1. Loop only per DSSP, at most 12 neighbouring Cβ atoms within 10 Å: give me the GluC sites (Glu not before Pro) in region 1-53, ordered by residue number.
2. Which trypsin sites (Lys or Arg not before Pro) from region 6-52 combine a DSSP loop assignment with at most 14 other Cβ atoms within 10 Å?
3. Let me know the shape class of region 1-134, please: from the alpha-carbon gyration tensor, a ≥ b ≥ c as square roots of the eigenvalues, rounded when a/c is under 1.5, otherwise prolate if a/b is greater than b/c, or oblate.
4. If R0 is 25 Å, what FRET efficiency do you get for Val53 and Arg141 from their C-beta distance, rounded to 0.05?
5. Got a number for the accessible area of Thr32? Probe 1.4 Å, square angstrom, nearest 10.
6. What aspartates and glutamates could a cross-link reach from Lys50, if we take a straight Cα to Cα line under 15 Å and drop same-chain neighbours fewer than 8 places away?
7. Taking the Cβ of Gly49 as the center, what net charge do the other residues with Cβ under 14 Å away carry, scoring Lys and Arg +1 and Asp and Glu -1?
8. Could you sort out which of Lys85/Lys220; Lys24/Lys106; Lys21/Lys85; Lys33/Lys166; Lys85/Lys109; Lys33/Lys172 sit more than 27 Å apart by Cα distance in this structure?
Amino acid sequence: MPELPEVEAARRAIEENCLGKKIKRVIIADDTKVIDGISPSDFQNSILGKTIVSARRKGKNLWLELDSPPFPSFQFGMAGAIYIKGVAVTKYKRSAVKDSEEWPSKYSKFFVELDDGLELSFTDKRRFAKVRLLANPTSVRPISELGPDALLEPMTVEEFAESFAKKKITIKPLLLDQGFISGIGNWIADEVLYQARIHPLQTASSLSKEQCEALHTSIKEGRRLISSLLVEGQQLMFQSCRNFLGKTQRKQPRLDRVNDV
């Protein structure tokens, strides 16, 4: 499943390669499970000739801001991915499409060709993604219901502690709740909890001040790592990030010896 780093890498790839360019050709898949609430022809006609102004993201949702609404919005689901022909979007999976390969992919749900010849596609092999055309993506579900973005809108330690004190559920499901913090997925939650020495089954409201501070530090370090790798153009790779975050695991006690749950 795509996580925040992959979606942010896609956003930055669009930002670096597509801004200021006009959409001259559009192909929208005839797939009502993924293309949500609009016919392919209406979708195509609504964005043809528009210029891409920016690429926005909140949590694991991304949208293209055009020179006028409505805007294409992408909820990545289980297997959604952005491909830009000739551009490596991430190194986690092969993402630079070669001339010898099928293009656009048979799994493409949204394809545009820009006025300089650059081509972009959103694919989804498993059909759990959603592609929408929205006048204001932040005002409607799912984006309107998301909590602060883990990368762009970090909570303070005080906000962490205050929020946890009100929650009677276990900490890992809370971190995965996109309405609480958006963008944290399964492996990031596992890693930050391990680094903070907090058992995933510990109740959130039982966290001590020291545990809240440790978790805040762990998430901050993960956020710093993601940002630095992306800024340096290394294009975040899933396994290398896990290895980096987990580099001290062998020095730490087992989780079930850290907290009583």
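1. Passing both the DSSP loop test and the Cβ count: no residue.
2. Within region 6-52, the qualifying trypsin sites (Lys or Arg not before Pro) (loop, at most 14 other Cβ atoms within 10 Å) are Lys33.
3. Judged from the Cα gyration tensor, region 1-134 comes out rounded (a/c under 1.5).
4. That pair, Val53 with Arg141, gives E of 0.60.
5. Estimated to the nearest 10 Å², Thr32 gives 120 Å².
6. Here the aspartates and glutamates satisfying the reach criterion relative to Lys50 are Asp42, Glu65, Asp67, Glu113, Asp115, Asp116, Glu119.
7. +2
8. Working: Lys85/Lys220 33 Å; Lys24/Lys106 21 Å; Lys21/Lys85 15 Å; Lys33/Lys166 37 Å; Lys85/Lys109 15 Å; Lys33/Lys172 30 Å.
Pairs exceeding 27 Å: Lys85/Lys220; Lys33/Lys166; Lys33/Lys172.
The values are calculated or read from the model by the stated rules, or taken from the named source; none is laboratory data. If you're wondering where the values come from, they're calculated on a predicted model, not measured in any experiment. Neighbour counts run over all protein chains shown; Cβ positions are idealised from the backbone, glycine included. Remember, those area values only see protein heavy atoms, side chains included, never the ligands or the DNA or RNA. Shrake-Rupley method; radii C 1.70, N 1.55, O 1.52, S 1.80 Å.
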